[in-house]
């Protein structure tokens with residue numbers, strides 16, 4: 001396959017869109033987190049900086065930049081400095097294999113005497129449509145633990161160390177349930193490619209003697225309910241969010257793995273956390289909530305169709321991220337041994353059971 | 001041409017980090033360098049048009065096994081102990097024999113493998129092809145490996161766990 005300049009420019013455009021979105025997730029989510037927690041706890045929350053406190057995130061960012069950057073004397077200097085980037089790298093790259101809209105045909109254009117997009121050109125709104133898509137997500141997500149582990153170890157602080165050890169044990173345990181839960185979805189789609197997973201979900205199921213038709217979103221299929229619950233709960237554990245944020249655990253470990261971090265290094269951990277959250281929300285949307293699909297609406301392969309599907313994708317991801325915030329301020333932190341026990345003795349067997357259920361559904365021809 | 005550049009770049013990264021694993025004194029740095037080396041290897045699989053194998057390489061080795069290694073290293077909390085050089089004759093013999101072995105290995109690889117054989121076209125390495133081979137042609141070795149792993153798990157439990165009665169007593173104390 002030969003690449004020409006247009007292809008390269010389109011790829012750069014896609015990367016710019018995704019990167020721009022993902023970099024803006026953190027300030028927006030910080031605002032939603034602070035105002036949302038205030039809403040849930042029945043207090044006003046930050047409302048002084050800008051209308052509704054909307055500029056609070058900028059004030060926070062400014063404060064991060066102005067703070068002194070401290071490296072503890074006992075710390076391993078190299079790894080201490082590199083650790084935040086280890087955390088950020090998987091959070092930023094994972095989204096590359098997730099489709100975020102309907103592919104559409106760019107028509108031939110004549111601007112200022114030059115012909116652009118000769119003969120029309122397909123615009124596939126995904127940065128890298130690789131055949132092993134979902135595996136790439138799990139591969140990169142599994143690297144996210146290194147940021148936390150290395151930060152905790154290199155800080156030369158007992159509390160950081162505890163956070164790091166907890167994080168590595170927790171993530172190893174929950175990755176298994178996460179992957180096995182996703183296997184159910186892949187069985188139905190028959191492909192590891194995420195565009196295929198979404199394409200399968202744009203179909204419809206006919207229920208009640210083939211009278212009513214419902215969208216073939218995986219979350220609406222009874223065979224997937226266990227897998228959906230296991231996946232979402234494991235996603236909370238994988239992104240280190242409450243009720244599973246044992247790597248941080250303010251009440252027990254000061255601030256866990258980033259106790260010693262200050263200034264922009266701390267801000268990078270913050271960004272990595274919210275980006276990982278956004279990525280997980282995008283993956284849940286793609287695997288279970290139909291990706292960019294709008295139910296009962298056949299998106300045309302034009303720019304309009306793309307725009308509608310893109311907005312649908314963003315809406316679903318946004319709603320899921322609000323659920324992340326909602327859960328954080330509603331459910332208290334679990335005990336660590338309970339977390340480990342749930343993971344190994346409850347979720348792992350459930351995820352395997354769901355694979356059997358889905359296989360039976362497929363064998364019976366119900367899906 | 002770009003494949004050529006990418007290959008040698010990542011080959012260099014893989015080899016350099018593999019050497020850091022052996023030569024660096026800090027075990028945590030060693031473990032992380034091994035992760036970097038594995039990652040560079042995964043790039044090689046992508047160059048061979050086997051993204052499935054590349055993803056598995058990262059998931060299994062970088063994502064799971066090395067995290068466990070790091071976990072164990074951090075739990076043991078190894079300290080730097082400057083060891084005085086002991087047994088100089090044995091050390092000398094060890095280094096020279098290793099050097100000869102290394103030279104011989106490189107010589108034979110260069111002579112018989114590199115630059116002489118061409119791969120017979122793109123090989124099948126997607127999920128479907130690997131699955132079919134694993135469960136048809138290689139189902140017996142596959143099952144043998146799983147039994148071996150099971151035996152290893154049981155053995156580890158037997159070696160690390162105490163007598164059953166004792167453990168039940170601990171369980172009562174903790175209140176489970």
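Every number in this text was worked out from the coordinates using simple rules, so none of it is lab data. Please read these numbers as outputs of a predicted model, since none were measured by experiment. Glycine gets a Cβ as well: all are built from the backbone with ideal geometry, and neighbour counts include every protein chain shown.
Data overview
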{"read-out": "Principal axis dimensions, largest first and in whole angstrom, of segment A:94-157 by Cα", "value": "65, 27, 15"}
{"read-out": "FRET efficiency, residue A:344 to residue B:2 (Cβ-Cβ, R0 56 Å, nearest 0.05)", "value": "0.80"}
{"read-out": "Number of partner chain Cβ atoms within 10 Å, mean per residue of B:46-59", "value": "4"}
{"read-out": "Test item: A:162-175 mean partner chain Cβ contacts at 10 Å", "value": "2"}
{"read-out": "Point-to-point label distance, residue A:54-residue B:75, nm (Cα→Cβ direction, 7 Å offset)", "value": "5.1"}
{"read-out": "Peptides A:166-175, A:20-29, B:133-142, A:327-336 ordered by average Cβ neighbours within 10 Å, highest first", "value": "A:166-175, A:20-29, A:327-336, B:133-142"}
{"read-out": "Within segment A:67-97, backbone nitrogen closer than 14 Å to the virtual label 7 Å beyond the Cα of residue A:21 toward Cβ", "value": "A:92-97"}
{"read-out": "Sites residue A:114 and residue A:65 - FRET efficiency at Förster radius 51 Å, r taken between beta-carbons, to 0.05", "value": "0.75"}
{"read-out": "Whole-Å semi-axes of the ellipsoid equivalent to segment A:299-367 (Cα gyration tensor, √5λ, descending)", "value": "33, 26, 7"}
{"read-out": "Paramagnetic reach from residue A:38 in segment A:58-81 [backbone N under 20 Å; point 7 Å along Cα→Cβ]", "value": "A:58-64"}
{"read-out": "Choice from A:149, A:315, A:94 showing the highest fluctuation, given a GNM over chain A with Cα pairs closer than 10 Å", "value": "A:315"}
{"read-out": "4 °C / 1.567 mPa s Stokes-Einstein diffusion coefficient of segment A:119-218, Kirkwood radius on C-alpha pairs, µm²/s", "value": "77"}
{"read-out": "Cα radius of gyration and Dmax for segment A:14-80 (Å)", "value": "16.3, 44"}
{"read-out": "Förster radius 60 Å - calculated FRET efficiency between residue A:330 and residue B:90, Cβ distance, rounded to 0.05", "value": "0.40"}
{"read-out": "Taking only Cα atoms of segment A:210-261, radius of gyration then Dmax in Å", "value": "18.2, 61"}
{"read-out": "Top of A:158, A:63, A:14 by mean-square fluctuation, Gaussian network on chain A, Cα under 10 Å", "value": "A:63"}
{"read-out": "Descending semi-axes in Å of segment B:1-87, equivalent ellipsoid built from Cα gyration tensor", "value": "30, 17, 7"}
{"read-out": "Shielding by partners - mean other protein chain Cβ count within 10 Å, residues of A:148-160", "value": "2"}
{"read-out": "Angstrom value of the Kirkwood radius, inverse mean 1/r, which spans all Cα pairs in the protein assembly as shown", "value": "26.3"}
